[in-house]
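Below: the structure, in C-alpha cells.
The values are calculated or read from the model by the stated rules, or taken from the named source; none is laboratory data. Please read these numbers as outputs of a predicted model, since none were measured by experiment. Because the Cβ atoms are built from the backbone with ideal geometry, glycine has one as well, and the counts that use them run over all protein chains shown.
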Number of protein chains: 2
Amino acid sequence: MSPVVVLLSGGLDSAVTLAAALRGDHARSAPREAFALSIDYGQRHRHELTAAQRVARQLGAREHRTVRIDLRAFGGSALTADIDVPKDRPAHDIARGVPITYVPARNLIFLSLATAWAEVLGAQEVHVGVNAVDYSGYPDCRREFIDSFQRTANLATQAGTEGRAIRIVTPLIDLSKADIIRLGHECRADLSLTHSCYDPVIRNDHVLACGRCDSCAIRREGFRAAGVPDPTEYAGA
Amino acid sequence: MSPVVVLLSGGLDSAVTLAAALRGDHARSAPREAFALSIDYGQRHRHELTAAQRVARQLGAREHRTVRIDLRAFGGSALTADIDVPKDRPAHDIARGVPITYVPARNLIFLSLATAWAEVLGAQEVHVGVNAVDYSGYPDCRREFIDSFQRTANLATQAGTEGRAIRIVTPLIDLSKADIIRLGHECRADLSLTHSCYDPVIRNDHVLACGRCDSCAIRREGFRAAGVPDPTEYAGA
C-alpha cells in the first residue's frame, strides 16, 4: 500500500480526514501510512498550525511538515488582509455566495503543494477534507473542482504521465458537519485539539474561539446536531 | 483592457513573454499593463531572481513581486536538492524523457500562485513562457496541461465561477528557441539581462553561465540558430 499525503489545517475537517486515512475508513480504503502537510500562508488564525501539530502527534502521522508561503503578498481575503471577519451572521447568509473569508485560489495552491510532495514520496493519494454541504460558498470545495484538479495534476507531473497517477480523495465532501463529527468520534480523533475559529481571542495565554464567526457557528451547530458534547472553549461562554 | 499577470523567472523565455505582453504582441493581443510575478522556491540558480528584477525594470512592468516558497522542503529535483546538475549531454539526450532538473509540480504551483494574484488584481490573463519544442521532457510545459489547468483554475476561483474567467496565455509554446530569441529582439527585450544557467559559476563577484548544463546548451544553440550574437558570459569561454 503506497502512503498518502493528507492536507492538515488543524481544523476539525482535516483532523477527521487524517484520522479516517490512518484507520482505513471502512468503505473507503485500508489503513495507510500518512504524511501530513500544513501550510503557513500568513493566515490570521495561525493558532490552527499549533493545533495541526497536536493533531498529527495524537493521531500518529508518519511525518508532519509545515511549508511557508505568504499569501498576504496578494491579500484579497479577510483571512489574509486587513478586512474584518464577519460575525453573528444568520445561517442562511452563511450558506449564500462566496464569503469574504474566501482566500483566492487557496485549495488550488494547497493541492498543488500536496501533489508535489506526493510525487516525491511516491504517494498515489492526496486526502483533503473539503466539504460542499455546510459551507457551499467556497468554489474550491466542490467536486467539479476536485475532479478537474486531479486531471490537471496528472498531466502536470512525471508520476501522472508515467502511469503512477495521483488520486485526490475527499472522504468528507458529501457529509454534514454533524456526520463529520460523528466520524471523528468513531475514529478516536480528539476533536478538542482542533481549531476552527477565524478570529480567536487570547485570554491569559489561552486561545479561545470567538464563538461568533461563520466557522464557529457551523462548528457549534455541528456538535449540537451530532449529539456530541462540544469541547471547544468559547470566549463568550 | 484588464491587466495581465506574467510569470517571470528571470530566464530568457519569461523575459520574452513579458516583453511581448507589454508590447501587445501583434497577432496575439493589444499592449497590456503587466504585473510580473517571480517565485523564490529555493532554486539552486537563485541568480535568476536578480535577473528577474532587472528584466522587470528594463521592460517596464507595472509591478514586480517575488513570493517565497521553499520547495526544498520536498526536494526531488537537481534544482532543489543535493543532486548534481547534468553536464555536457548531447542534444538527443536532452530531448528525451523527464530530466532530473524537473521540479515536481512546479508549473502547477506557479500557475496556482499567479491565478491567486490575478484574481485579487482583477486580471483575466496569466502569461507564462512555457515551451514544448526545445525541451519536451517537462510534462508541465505541454498544451494539454495548460488547457486542463485553465479549466481547473476557473472552477477553483470566485472569478471563474462568476463569469470573469482567467485565461492562461502561452505565446511561446510552439516556438523554437531561435524563434523566441528573434521575438525578444523584435520586442526590444535586453536578453543580456536574463539568466538561464542551472549551475552558474561565481568569479570575482561576477555570475557566469557554466555553458555545459542542458539550459546553457539550449540557449547557446538558440542564439546560433537565430543568427543573433549571444550576450551570455560563459565560464569556459
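Which residue is modelled with the lowest pLDDT, if the candidates are limited to segment A:50-74 and must be crowded, with 20+ Cβ neighbours inside 10 Å and part of a helix (DSSP H, G or I)? Applying the filter and picking the extreme gives A:L71.
For segment B:82-107, filtered to residues that are among the hydrophobic types (A, V, I, L, M, F, W, C) and more than 12 Å from B:I39 (Cβ to Cβ), the residue that is modelled with the lowest pLDDT is B:A95.
Look at (1) away from every other protein chain (no Cβ under 14 Å); (2) touching a helix residue (DSSP H, G or I) at 6+ places or on another chain (Cβ under 9 Å); (3) farther than 22 Å from B:D70 by Cα and you find that A:G24 fails only one, number (2).
Listed here are the residues, each with its yes/no results for (1) surrounded by fewer than 20 Cβ atoms within 10 Å (Cβ to Cβ); (2) over 30 Å from A:A123 (Cα atoms).
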site: B:A105; (1), (2): no, no
site: B:F110; (1), (2): no, no
site: B:G122; (1), (2): yes, yes
site: B:V128; (1), (2): no, no
site: B:D147; (1), (2): yes, no
site: B:N154; (1), (2): no, no
site: B:D174; (1), (2): yes, yes
site: B:R188; (1), (2): yes, yes
site: B:L191; (1), (2): no, yes
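Going through (1) within 25 Å of B:R212 (Cα to Cα); (2) outside any helix (DSSP H, G or I) one by one, B:A123 falls short only on (1). Among the residues of segment A:134-151, the ones that are over 18 Å from B:T161 (Cα atoms) and either touching a helix residue (DSSP H, G or I) at 6+ places or on another chain (Cβ under 8 Å) or of a type in the set (D, E, K, R) (or both) come to 2 in all. In segment A:179-192 there is at least one residue matching the filter, namely being polar (S, T, N, Q), within 30 Å of A:E233 (Cβ to Cβ) and assigned to a helix (DSSP H, G or I). In segment A:156-169 there is at least one residue that is within 16 Å of B:A153 (Cα to Cα), modelled with pLDDT under 95 and small (G, A, S).
Look at B:I168 and say whether it is under 30 Å from B:V207 (Cβ atoms) and either within 14 Å of chain A (Cβ to nearest Cβ) or buried (at least 23 other Cβ atoms within 10 Å of the Cβ) (or both). No; evaluated as a whole, the condition is false for this residue.
Against the list (1) among the small types (G, A, S); (2) within 14 Å of chain B (Cβ to nearest Cβ); (3) in a loop (DSSP other than H, G, I, E, B), the condition A:A36 fails is (3). Condition test on A:A78, is it part of a loop (DSSP other than H, G, I, E, B), among the aliphatic types (A, V, I, L, M) and out of contact with any helix residue (DSSP H, G or I) (no Cβ under 6 Å at 6 or more places or on another chain)? For A:A78, the condition - part of a loop (DSSP other than H, G, I, E, B), among the aliphatic types (A, V, I, L, M) and out of contact with any helix residue (DSSP H, G or I) (no Cβ under 6 Å at 6 or more places or on another chain) - is met.
Among the residues of segment B:131-145 satisfying the criterion of being crowded, with 18+ Cβ neighbours inside 10 Å and away from chain A (no Cβ under 11 Å), which is modelled with the highest pLDDT? Filtering first and then ranking leaves B:N131.
One residue alone among A:T80, A:T66, A:T101 is within 14 Å of another protein chain (Cβ to nearest Cβ), touching a residue at least 12 places away in the same chain (Cβ under 8 Å) and farther than 26 Å from A:D147 by Cα, and that residue is A:T80. Whether a residue is modelled with pLDDT under 95, assigned to a helix (DSSP H, G or I) and buried (at least 24 other Cβ atoms within 10 Å of the Cβ) was assessed, and B:A21 passes this test. Is it the case that segment B:105-125 has a residue that's at positive phi and hydrophobic (A, V, I, L, M, F, W, C)? Within segment B:105-125, one or more residues are at positive phi and hydrophobic (A, V, I, L, M, F, W, C). Here A:Q150 meets each of (1) more than 7 Å from chain B (Cβ to nearest Cβ); (2) assigned to a helix (DSSP H, G or I); (3) in contact (Cβ under 8 Å) with a residue 60 or more places away in the chain with one exception, condition (3).
Within segment A:193-212, take every residue that is in contact with a Pro (Cβ under 7 Å, 6 or more places away or on another chain) and in a strand (DSSP E or B) and give me the one that is surrounded by the most Cβ atoms within 10 Å (Cβ to Cβ). Among those that are in contact with a Pro (Cβ under 7 Å, 6 or more places away or on another chain) and in a strand (DSSP E or B), it is A:A209.
Contact annotation: residue pairs with Cβ atoms under 7 Å, 6 or more positions apart or on different chains, pairing a residue in segment B:199-225 that is within 14 Å of B:R44 (Cβ to Cβ) with a partner that is among the basic types (K, R), are B:D199/B:R44; B:C213/B:K87; B:D214/B:R89.
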